[in-house]
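K.L.:
Here you go, one structure.
The values are calculated or read from the model by the stated rules, or taken from the named source; none is laboratory data. Just so it is clear, the model here is predicted, and its values are computed rather than measured. Quick reminder, even Gly has a Cβ in these numbers, built from the backbone with ideal geometry, and neighbours come from all protein chains shown.
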């Protein structure tokens with residue numbers, strides 16, 4: 001008695017995931033512009049300047065969001081194609097991407113109204129956990145398709161942003177139980193960020209992740225050189241470069257082994 005293998009179908013759950021990824025990718029772009037379009041009293045940049053610390057990158061660094069947003073939209077469009085709707089990896093990573101995109105959207109809404117309180121920190125941690133979890137899934141499945149480059153780049157930038165947000169939130173809440181100087185607080189954040197990027201570079205071997213971290217750390221170098229905070233500047237520069245080179249060498253090595 002013969003039987004026919006049924007072709008896997010796109011399920012309603014797949015359509016929900018696909019829809020959340022696509023709308024989330026667009027929503028984070030729109031929400032980033034709404035404070036200026038609607039004439040809100042504050043936007044994210046204004047709130048950031050209120051609680052500036054020595055670990056915050058130079059303003060030009062945030063231009064990378066235009067690249068990240070574009071990458072997220074391209075990812076969201078491609079994952080809608082029929083050949084990807086039932087993709088095994090996307091059935092996991094897609095949900096994590098949706099969490100990250102919508103988390104970023106809510107963060108962009110929250111900060112103009114509430115500044116960098118604990119809610120901001122909780123949201124940035126949710127975004128980071130979603131993205132780093134996606135990185136672990138891709139690493140476990142040895143999935144290095146170009147499709148996922150935007151998520152890796154976003155994860156790299158959010159890694160630095162998470163640590164910077166810790167610094168900014170502590171400043172906003174006047175939380176300094178050990179009475180550390182602003183210089184020492186920034187030094188701890190910068191070194192931690194650098195060591196995290198080097199550790200991630202060794203494990204994931206992804207220059208796509210480490211380029212945004214290098215971008216952010218170089219911007220911290222630039223602003224602190226201008227402030228004559230040379231120790232902070234050189235720590236950021238050296239750790240950023242080392243992390244990127246380690247990731248790049250690892251990525252090339254993995255590519256040659258395939």
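K.L.:
So for segment 103-110 (the condition being within 22 Å of residue 32 (Cα to Cα), at pLDDT below 95, crowded, with 21+ Cβ neighbours inside 10 Å and touching a helix residue (DSSP H, G or I) at 6+ places or on another chain (Cβ under 9 Å)), does at least one residue qualify?
P.N.:
Within segment 103-110, not a single residue is within 22 Å of residue 32 (Cα to Cα), at pLDDT below 95, crowded, with 21+ Cβ neighbours inside 10 Å and touching a helix residue (DSSP H, G or I) at 6+ places or on another chain (Cβ under 9 Å).
K.L.:
Taking the condition closer than 18 Å to residue 229 by Cα, buried (at least 20 other Cβ atoms within 10 Å of the Cβ) and either in contact with a strand residue (DSSP E or B) (Cβ under 8 Å, 6 or more places away or on another chain) or touching a residue at least 12 places away in the same chain (Cβ under 8 Å) (or both), does residue 193 pass?
P.N.:
Against the criterion (closer than 18 Å to residue 229 by Cα, buried (at least 20 other Cβ atoms within 10 Å of the Cβ) and either in contact with a strand residue (DSSP E or B) (Cβ under 8 Å, 6 or more places away or on another chain) or touching a residue at least 12 places away in the same chain (Cβ under 8 Å) (or both)), residue 193 qualifies.
K.L.:
Here's something else I'd like to know. Those residues that are assigned to a helix (DSSP H, G or I), farther than 19 Å from residue 29 by Cβ and either touching a residue at least 60 places away in the same chain (Cβ under 8 Å) or more than 17 Å from the chain's Cα centre (by Cα) (or both), I need them from segment 75-96; list them, please.
P.N.:
If the condition is that a residue be assigned to a helix (DSSP H, G or I), farther than 19 Å from residue 29 by Cβ and either touching a residue at least 60 places away in the same chain (Cβ under 8 Å) or more than 17 Å from the chain's Cα centre (by Cα) (or both), then 82, 83, 84, 85, 90, 91, 92, 95 are the ones that fit.
K.L.:
Sticking with this structure for a sec: Tell me whether segment 61-76 contains one or more residues that are over 22 Å from residue 146 (Cβ atoms) and in contact with a helix residue (DSSP H, G or I) (Cβ under 9 Å, 6 or more places away or on another chain).
P.N.:
yes
K.L.:
Okay, moving on. Taking interchain pairs and intrachain pairs at least six residues apart, which have beta carbon atoms under 8 angstrom, with the first residue in segment 2-14 and at negative phi and at pLDDT 85 or above and the second surrounded by fewer than 10 Cβ atoms within 10 Å (Cβ to Cβ) and assigned to a helix (DSSP H, G or I)?
P.N.:
Once the first residue is at negative phi and at pLDDT 85 or above and sits in segment 2-14, its partners that are surrounded by fewer than 10 Cβ atoms within 10 Å (Cβ to Cβ) and assigned to a helix (DSSP H, G or I) give 10/82.
K.L.:
While we're here: Considering every residue within segment 97-119, establish whether at least one is in contact (Cβ under 8 Å) with a residue 24 or more places away in the chain, in a helix (DSSP H, G or I) and under 21 Å from residue 201 (Cβ atoms).
P.N.:
Yes, the conditions are met somewhere in segment 97-119.
K.L.:
Sticking with this structure for a sec: Identify all residues within segment 196-208 that are crowded, with 24+ Cβ neighbours inside 10 Å and assigned to a helix (DSSP H, G or I); write none if there are none.
P.N.:
Residues satisfying the conditions are 197, 201.
K.L.:
Still on this model: Could you tell me whether segment 34-46 includes any residue that is surrounded by 16 or more Cβ atoms within 10 Å (Cβ to Cβ) and within 19 Å of residue 216 (Cα to Cα)?
P.N.:
yes
K.L.:
Just to be sure, is residue 23 farther than 30 Å from residue 236 by Cα, out of contact with any helix residue (DSSP H, G or I) (no Cβ under 7 Å at 6 or more places or on another chain) and in a helix (DSSP H, G or I)?
P.N.:
Judged against the criteria, residue 23 is a match.
K.L.:
At pLDDT 95 or above, under 23 Å from residue 190 (Cβ atoms), surrounded by fewer than 20 Cβ atoms within 10 Å (Cβ to Cβ) and under 12 Å from the mean Cα position of the chain (by Cα): is that true of residue 129 in this structure?
P.N.:
Yes.
K.L.:
Hey, another quick one. Does residue 55 satisfy being outside any helix (DSSP H, G or I) and either touching a residue at least 24 places away in the same chain (Cβ under 8 Å) or crowded, with 17+ Cβ neighbours inside 10 Å (or both)?
P.N.:
Here the answer is yes, as residue 55 does meet what is asked.
K.L.:
For segment 209-230, give me the residue count where each residue is out of contact with any helix residue (DSSP H, G or I) (no Cβ under 7 Å at 6 or more places or on another chain), surrounded by fewer than 21 Cβ atoms within 10 Å (Cβ to Cβ) and part of a helix (DSSP H, G or I).
P.N.:
Total meeting the criteria: 3.
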